[in-house]
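Here the structure comes first, spelled out in structure tokens, and everything after it is commentary.
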Amino acid sequence: MPQVDMILFLILIIGMCVYGQDPASKVVSDRYAVFWNRTNPKFYRGDYHIDVCINDYLDIYCPHYVGPVADDRAERYVLYMVNYDGYSSCDHNSKGFKRWECNRPLSPNGPLKFSEKFQLFTPFSLGFEFRPGREYYYISSISDDRGRRSCLRLKVFVRPQNNCVKNSGTVEEGVNFDDNSHNSLEPGDGVSHESPEPARRDVNSAGRCQTSVLLLSSTLILLAVILSL
């Protein structure tokens, strides 16, 4: 009987480990695709922005050419994450950092794609942490042969968690260039403009995850030992 009680206790512990995970990790996520090039008309409608929820993804597709294109005419971009002032002036020098580099427009393997997950915590030292109710900004600029400078800008608004209702399927921005629909949500005065700084490693978040994994592993090992007696 003691063995039976111990087994039941261990099963209870395992259940707590499995079902006690962060509920946010089980939420359905949407993906937003943005084609980052000068032929995307959404960049020229005045205010290209998307609204996301925590745990959603942003997929940036770099310029890519399948036909013969002169190397000096192929579009290349360096994307920066900047603050509101950098977004307004299209200047990353004041306060911003390089996020991605679209530098392989003629690659035979297809277009480069970069993905951003809008998460509250990140286990990576160079990752970025996002907060609901705040705006984040991506920019890049390029000059043509005549020295004229053009700027591509994207604004991302992370919705408050009580305003995130998930629908079935995914949402793609920038895929259908003939779509005349425009995101009309304009954040109110209470929206915070986030400063673009990489997040420091969240020790508490990473520690919680590691502790849960270690506890589950130890429980399974102990259960196997008891059953072998």
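All of the numbers you see were taken from the coordinates with simple rules; none came from a lab. Fair warning: this is a prediction, and the values are worked out from it, not measured in the lab. All Cβ positions, even for glycine, are placed from backbone atoms using ideal geometry, and neighbour counts span all protein chains on display.
Quick check: net charge around W100, other residues with Cβ under 12 Å of its Cβ, Lys/Arg +1 and Asp/Glu -1? Write out the running numbers ahead of the final one.
Working: positive: R76, K98, R99, R104, K113; negative: D59, E101, E116.
Summing Lys and Arg as +1 and Asp and Glu as -1 gives +2.
Are there chymotrypsin sites (Phe, Trp or Tyr not before Pro) in segment 75-158 that DSSP marks as loop and that have at most 11 other Cβ atoms within 10 Å, and which are they? Kindly include the intermediate steps, with their values, before the conclusion.
Numbers: sites: Y77, Y80, Y84, Y87, F97, W100, F114, F118, F121, F124, F128, F130, Y136, Y137, Y138, F157; in loops: F118, F121, F124, F128, F130.
Those that pass, being in a loop and sparsely packed, are F124.
Could you give the length gained by full extension between F97 and R76, i.e. 0.36 nm per residue of separation minus their alpha carbon distance, to one decimal place?
Working: separation 21, 0.36 × 21 = 7.56 nm, distance 1.72 nm.
Computed gain between F97 and R76 is 5.8 nm.
For S150 and Y65, what does the FRET efficiency come to when R0 = 22 Å and r is the distance between their Cβ atoms, rounded to the nearest 0.05? Before the final figure, lay out the partial values.
Numbers: r = 18 Å, r/R0 = 0.83.
Working from the Cβ atoms, E equals 0.75.
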